[in-house]
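First comes the structure, then the notes that go with it.
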Amino acid sequence: MTSRSSSKPSSSLTAAALVCVAALGAAAIWYGTMGFRVVSTEDGRRLAIEEQPRTLPLPPAAADKRITIATFFYARCNAVCSSVGSELQQMQQKITEQGLQDRVRLLSISFDPRDNSDALAHYSQRMRADPAIWRMTGLPDAQRQNVLDLAGVVVLPAPLGEYQHNAAFHLIDAGGKLVRVVDYEQPDVALAAALAMSAPPARLAHAEGEAR
């Protein structure tokens, strides 16, 4: 009798503990997925930016009133940056062929302190970038981490002076606000979205529907 009765409180406590653990786990998942709306950290970054656009304090030389498709990179990168660079080359060609250079421009932002003006100029030449459409810029030491944090760009040092980082197309409006992030494997979507942002108000709603 004594043995059986003493096991009941223990079982109740165990069940209560399990319920608490399950509740805490569900709460953590809810928070980490922004209310079960995203399935990854990158998805969460993109949703947060769409819901709360933020101004990026870019160098004055990088300012422009056109819609900007920006990427973050470093000149020595031989991995994902090369793929993004190829996509930007094709995007530059489309902008030129379709006469869109008055509405959209490309901006590659280096987060590598080693990328001085000479390194960026060499990279620009290698990419055959037309400076009227596609520019390269670095970030001042005092602003670098702030810009990366605002954009949600994570940069981790890797062996041999390399970096690991998330890559995407970042859409910045005429006022300098980052308003949308598009996967780097969807350059056509990024360009269409940029054109939608630059369209006259009468055509904006229709163009946004096509971009999505």
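We did not get these values from a lab; they are worked out from the coordinates using the rules stated. Predicted model, so just to flag it, every value in this text is computed and none were measured. All Cβ positions, even for glycine, are placed from backbone atoms using ideal geometry, and neighbour counts span all protein chains on display.
Residue-wise test of (1) within 18 Å of ALA167 (Cβ to Cβ); (2) loosely packed, with under 15 Cβ neighbours inside 10 Å.
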residue	(1), (2)
GLU51	no, yes
ALA63	no, yes
GLY85	yes, no
GLN90	yes, yes
ALA119	no, no
HIS122	no, yes
What are the residues in region 131-145 that are in contact (Cβ under 8 Å) with a residue 24 or more places away in the chain, exposed (fewer than 14 other Cβ atoms within 10 Å of the Cβ) and either closer than 19 Å to ILE69 by Cα or out of contact with any Pro (no Cβ under 7 Å at 6 or more places or on another chain) (or both), if any? ALA132
Test: THR96 is surrounded by 13 or more Cβ atoms within 10 Å (Cβ to Cβ) and within 23 Å of GLN164 (Cβ to Cβ): no
With respect to ASP183, determine if the residue is over 17 Å from ARG45 (Cα atoms) and of a type in the set (Asp, Glu). no
Selected residue (only one of ILE67, ILE95, ILE109 is touching a residue at least 12 places away in the same chain (Cβ under 8 Å), over 18 Å from MET127 (Cα atoms) and β-branched (Val, Ile, Thr)): ILE67
